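Here's the structure we're looking at; comments come further down.
No value in this document is a laboratory result; all are computed from the given coordinates. This structure is a prediction, so every number in the text was calculated from the model and none was measured. Please note: Cβ atoms are built from the backbone with ideal geometry, for glycine as well, and neighbour counts cover all protein chains shown.
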Amino acid sequence: MLVGPVFTREVLTSPRRTRTYIARAAYPGILLVLMCTAWLLLAGTQVVTNTGEFARFGLMLFQVLGPLQLGLAMFCSALLAAGAVAQEKDRGTLVLLLITRLTNAELVLGRLLASLLNILILLAAALPCFMLACLFGGIAWQQVLQSFAVTLVTTFVAGSLGSTLALWREKTFQTLAITALVLVFWLVFWEVVSLRVLGASWQGIACETWAIVFSPWQAVLATTRPATSAADIAAWWHGPVTAYLGLAFVAAILLNAVAIWRVRIWNPSREIQAVPREAEDRDSIWGLVPVEKQAEGTDAAVGAKPAKQPLPSRQVWDNPVLWREIRTRAYGRRMLVVRAAYLLLFALSAAGCWYLAQTEAGLTRWNAAAVLVPLGFLSLVLINAQSVTSLTTERDGRMLDLLLVTDLTPQEFVFGKLAGVAYNTKEMLILPIVLGLGLWLTPGGLSLENVIYLVGGLLVIEIFAITLGFHCGMTYANSRIAIATSIGTVFFLVVGIATCMRLMVAFSGSFSVQLQPFLAFMLGGGVGLYMALGARNPSAAIGLASLLCPFATFYAITSFMLDHTLTVFLVVTCMYGFATVAMLVPALYEFDVATGRTTLGEE
């Protein structure tokens, strides 16, 4: 069987825990809650009297749920596939698989399909919910099937991309960062093309059509547009969306073909292969030269061959954890590639703001947000990924065990890690703030007051993302679960906010009556946040923060819609600042739990 051994190991031998079945039931449940929330928004603000209003409701509902599902499937499949391979590398089990009789195809495809299995099951569970939306009218079942086809093919492309990059790169953070950057560049470039920034047409074909053919986001939006006749429905199966399905399928095949061809060339990497004897005297990743090598030759007998001069040792700071994070290549030698790609995306965002400022509409809050949100979202994901992988990589490599025989204090470890993460991701921390300040200097841009609120809110959210990654890395012993929980929390936070705003704009113009429709949505978000952050390490502060964050976020969204910017800043700063402290204080105790030490309480 082509994918037998590895796929069988992951699917048939792994224990099925309760959370597996909860997740499979929770996703269609969330979709039903969103449908009920949308209906309450519609019925609470207007009287539905005819079938035409039902049809408009069904169409708007599909236009919200279709792109939402695509975004979730695309990013989750890529990060899960990349994280699964990265965990195999960190634990050293990939090398064991390479010395077996497994063929390259069995190794690559088995690992890929096993990591995508849960997402495929969730998509299958969601199909009946989308079919229910057809009962309102306004959309055809062919549209639903085509939307699912786009989502399914995109899932395979994104998963293949993450798997191939993970097999190529050695460090987990590099894998996750490059995967996220490629996905964002893919979406952003074709969004620029669809806006006719690079011209109205290419080779006689409209740029909007080119964007549908090459962009999953534009393709799924095309499937949600209403059809005016049966001929339009029949034309969907031989239009630009079908061209995207074919090209995406070919791209997935090519990515997996490259991975199958190169898997035993890329792995094991040069970092774990045997090194020449002359390199044994080089400093380790901690930068220290063994004492016995420094003293080599001092006690040699007279007349013996003179020993080589020992290499100079490197001076370690008072906080060795911070020194290692900043002064060594603990996260690989290709970090410059990640930084260069991020700088390119920042330059594109700055150019987009300048372009919008030159248009007739000028630079407003809404079109500025369309440029800032992709950059800010990517920054939060990269910062959070750096934070959580700084712990999971050391745990999988059993380097945390060395802390058992050291005199490191919890404060040195915790703050050394947090400061090191901030230093290694300084571009992701600073450049969004620089772009926010640039909006103030742009003619017709934001006011100084709004820029202060924007910069202050960004700082608080970025510190929250760093602390969240550290908290998940210390709480979960399984690296895959820790990474998925940490990045998933950030991702669902951003997606949840975007979905709420989309529902508010689509179904209602009055924000004073929307608390009751969103009540179930907020309660569910609070329970989910507590399960992710506080279930493993219960804390009254974390429980309170998990319960209040969804309500505070909803209040901030409503205030933003009403142009109460000071209220947004105060609510976000206070609530997410409190959540950061709630995770940071127990981290000093989690350090002892994770390492088995009992330094706290000894005095």
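For segment 363-521, what does the alpha-carbon gyration tensor say about shape, rounded, prolate or oblate, given a ≥ b ≥ c as the root eigenvalues, a/c under 1.5 as rounded, and a/b over b/c as prolate?
The shape class here is oblate.
At a threshold of 8 angstrom on Cα-Cα distance, excluding pairs fewer than six apart, so keeping six or more, what relative contact order does segment 320-595 reach in percent?
With pairs under 8 Å counted, the relative contact order is 23 percent.
To the nearest 20 Debye, how big is the dipole of segment 320-595 about its Cα centre, given +1 on the beta carbon of each Lys and Arg and -1 on that of each Asp and Glu?
Around 560 debye, computed over segment 320-595.
Positive end of the dipole of segment 4-266, charges at C-beta (+1 Lys, Arg; -1 Asp, Glu), about the Cα centre: which of Asn104, Val144, Asn50 has its Cα farthest in that direction?
Checking the options against the dipole of segment 4-266, the answer is Asn104.
Once the dipole of segment 4-266 is set up with Lys and Arg at +1 and Asp and Glu at -1 on Cβ about the Cα centre, which of Cys134, Leu221, Ala252 lies farthest towards its positive end?
Of the listed residues, the answer is Ala252.
What does the charge dipole of segment 47-139 about its Cα centre add up to, to the nearest 20 debye, if the Cβ of each Lys and Arg holds +1 and the Cβ of each Asp and Glu holds -1? Present the calculation step by step, with values, prior to reporting the outcome.
Values: 5 positive and 4 negative charges, 33 e Å.
The calculated dipole for segment 47-139 is roughly 160 debye.
In segment 4-266, what is the volume of the convex hull around the alpha carbon atoms, normalised per residue and reported in Å³?
In segment 4-266, the Cα hull volume divided by residue count equals 155 Å³.
Once Lys and Arg get +1 and Asp and Glu get -1 on their Cβ, which of Gln386, Leu441, Ile452 lies farthest toward the positive end of the dipole of segment 320-595?
About the Cα centre, the residue reaching furthest to the positive side is Gln386.
What does the C-alpha gyration tensor say about the overall shape of segment 320-595? Classify as rounded when a/c is under 1.5, otherwise prolate if a/b is larger than b/c, or oblate.
Oblate is the answer for segment 320-595, as a/c is 1.5 or above yet b/c matches or exceeds a/b.
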